[in-house]
Amino acid sequence: MSTLFEGVFTALITPFRNQQVDSEALRQLVEFQIANGVNGLVPCGTTGESATLSHEEHKEVIRLCVMAAAGRVKIIAGAGSNSTQETIELTRFAQQVGADGALLITPYYNKPGQEGLYQHYSAVAEQVKIPLVLYNVPGRTGVDLLPPTVARLANTDTIVGLKEATANMERASTIRKLCGEAITLLSGDDATFLPFLAVGGKGVISVTSNVAPAKMVAIYQAWQQGETAKALKLHEALLDLNQQLFCETNPIPVKAAAAMLGLCQPEIRLPLTWLSEPNQAMLRATLHRLGLLPDA
């Protein structure tokens, strides 16, 4: 199952209207993504503001995405937590409603060691039989899932992938060397997606594809077809947007970009705040330059 998830997966935003989950906008986002050729969707990750969703909202977003996708693309449900038991509960729910996999962030705040990380993921794998994608983003969590621990976990049948969000190509290469084909490496950093493919990555869980899905898919397809010069040109064209979508804490900029494109209401939940005016102007100009916002 290590090749189950390959290509461009969108780390889907969660649209709000009057501070409630906007179910209709969520369905439209799913349709927009599928129409633009993505391979899958990842609801309730960092970009989906999972940290501010109630448990019921979290489950509802996963359920709605699975229903809206209707088997046309893969759904990897964000189901991680800093509590192992809570992670098992959310992952079990994702399995029950028909998600294709679950994305499990490293337990944040309590900062387990490598043995704790191994036992955490092993416990989830023992309890739930849905394919699991590990998620390493130490800048968010305060804990780093190291390559030898990934290699230990890669021997578990249901652990099929790793979203590596360190933007470190040496790290990605080390994991690839240790694990081979036992685990699918997915980039968690849009700006280094292309170099990640060059060192053995198989895809990306992307923030940028919320607003430029076809352009992210084009990079992946060019690489797959051996058109490296074309892939490099497409990569460079998106570089400004990739950087600007992290000019403030994710998902503040991408939520603003999506609102500019009419994909959602301009709402985000505290403690995050709306994108500053100078950054809005910069982002709007970039979207216009890329042909994503022709009326800007």
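Among what's in the range 174-199 and is closer than 15 Å to ASN136 by Cα and among the hydroxyl-bearing types (Ser, Thr, Tyr), pick the residue that is surrounded by the most Cβ atoms within 10 Å (Cβ to Cβ). Out of the qualifying residues, it is SER187. Checking each residue in the range 172-199 for being polar (S, T, N, Q), part of a helix (DSSP H, G or I) and farther than 13 Å from VAL150 by Cα picks out only THR192. Could you list all residues from the range 56-92 that are surrounded by fewer than 22 Cβ atoms within 10 Å (Cβ to Cβ), within 20 Å of THR106 (Cβ to Cβ) and hydrophobic (A, V, I, L, M, F, W, C)? If the condition is that a residue be surrounded by fewer than 22 Cβ atoms within 10 Å (Cβ to Cβ), within 20 Å of THR106 (Cβ to Cβ) and hydrophobic (A, V, I, L, M, F, W, C), then ILE88 is the only one that fits. Just one residue in the set GLY116, GLY139, GLY45 is closer than 25 Å to PRO253 by Cα and in a helix (DSSP H, G or I); that residue is GLY139. Restricting the first member to the range 70-98 and to residues that are over 18 Å from GLU56 (Cβ atoms), and the second to residues that are modelled with pLDDT of 95 or more and polar (S, T, N, Q), the beta-carbon pairs closer than 9 Å and six or more apart or on different chains are VAL73/GLN33; VAL73/ASN39; LYS74/ASN39; ASN82/THR106; THR84/GLN119.
Taking the range 200-293 as the region of interest, the helices (runs of 4 or more DSSP H) fully inside it that hold 3 or more residues being buried (at least 22 other Cβ atoms within 10 Å of the Cβ) and either touching a strand residue (DSSP E or B) at 6+ places or on another chain (Cβ under 9 Å) or of a type in the set (Asp, Glu) (or both) are 213-224. Of the residues making up the range 153-170, one or more are in contact with a strand residue (DSSP E or B) (Cβ under 7 Å, 6 or more places away or on another chain), among the acidic types (Asp, Glu) and not in a loop (DSSP other than H, G, I, E, B).
Would you confirm, using the coordinates I've provided, whether VAL61 is in a helix (DSSP H, G or I), more than 27 Å from GLY139 (Cβ to Cβ), of a type in the set (A, V, I, L, M, F, W, C) and in contact (Cβ under 8 Å) with a residue 12 or more places away in the chain?
Details: in a helix (DSSP H, G or I): yes; more than 27 Å from GLY139 (Cβ to Cβ): no; of a type in the set (A, V, I, L, M, F, W, C): yes; in contact (Cβ under 8 Å) with a residue 12 or more places away in the chain: yes.
So VAL61 does not fit the description; no.
Within the range 84-106, being part of a helix (DSSP H, G or I) and in contact with a Ser or Thr (Cβ under 8 Å, 6 or more places away or on another chain) holds for THR87, LEU90.
Given the structure, is LEU186 at pLDDT 95 or above, within 23 Å of ASP100 (Cα to Cα) and either within 18 Å of the chain's Cα centre (by Cα) or among the aromatic types (Phe, Trp, Tyr) (or both)? For LEU186, the condition - at pLDDT 95 or above, within 23 Å of ASP100 (Cα to Cα) and either within 18 Å of the chain's Cα centre (by Cα) or among the aromatic types (Phe, Trp, Tyr) (or both) - is met. Scanning for something buried (at least 21 other Cβ atoms within 10 Å of the Cβ) and in contact with a His (Cβ under 7 Å, 6 or more places away or on another chain), does the range 97-109 turn up at least one residue? Yes: the range 97-109 contains one or more residues that are buried (at least 21 other Cβ atoms within 10 Å of the Cβ) and in contact with a His (Cβ under 7 Å, 6 or more places away or on another chain). The one condition from (1) out of contact with any Ser or Thr (no Cβ under 8 Å at 6 or more places or on another chain); (2) buried (at least 20 other Cβ atoms within 10 Å of the Cβ) that PRO131 does not meet is (1). Note on the range 29-42: residues that are of a type in the set (A, V, I, L, M) and assigned to a loop (DSSP other than H, G, I, E, B) total 1.
Here TYR109 clears all of (1) farther than 18 Å from VAL30 by Cα; (2) more than 15 Å from the chain's Cα centre (by Cα); (3) assigned to a helix (DSSP H, G or I) except the condition numbered (3). A search for C-beta distances below 8 Å between a residue of the range 137-158 that is more than 21 Å from GLY45 (Cβ to Cβ) and charged (D, E, K, R) and any residue that is at pLDDT 95 or above and assigned to a helix (DSSP H, G or I), counting only pairs 6+ apart in sequence or on different chains, returns ARG152/TYR118; ASP157/ALA125.
The values are calculated or read from the model by the stated rules, or taken from the named source; none is laboratory data. Model, not experiment: these values are computed from the prediction. Positions of Cβ are backbone-derived with ideal geometry, glycine not excepted, and every protein chain shown enters the neighbour counts.
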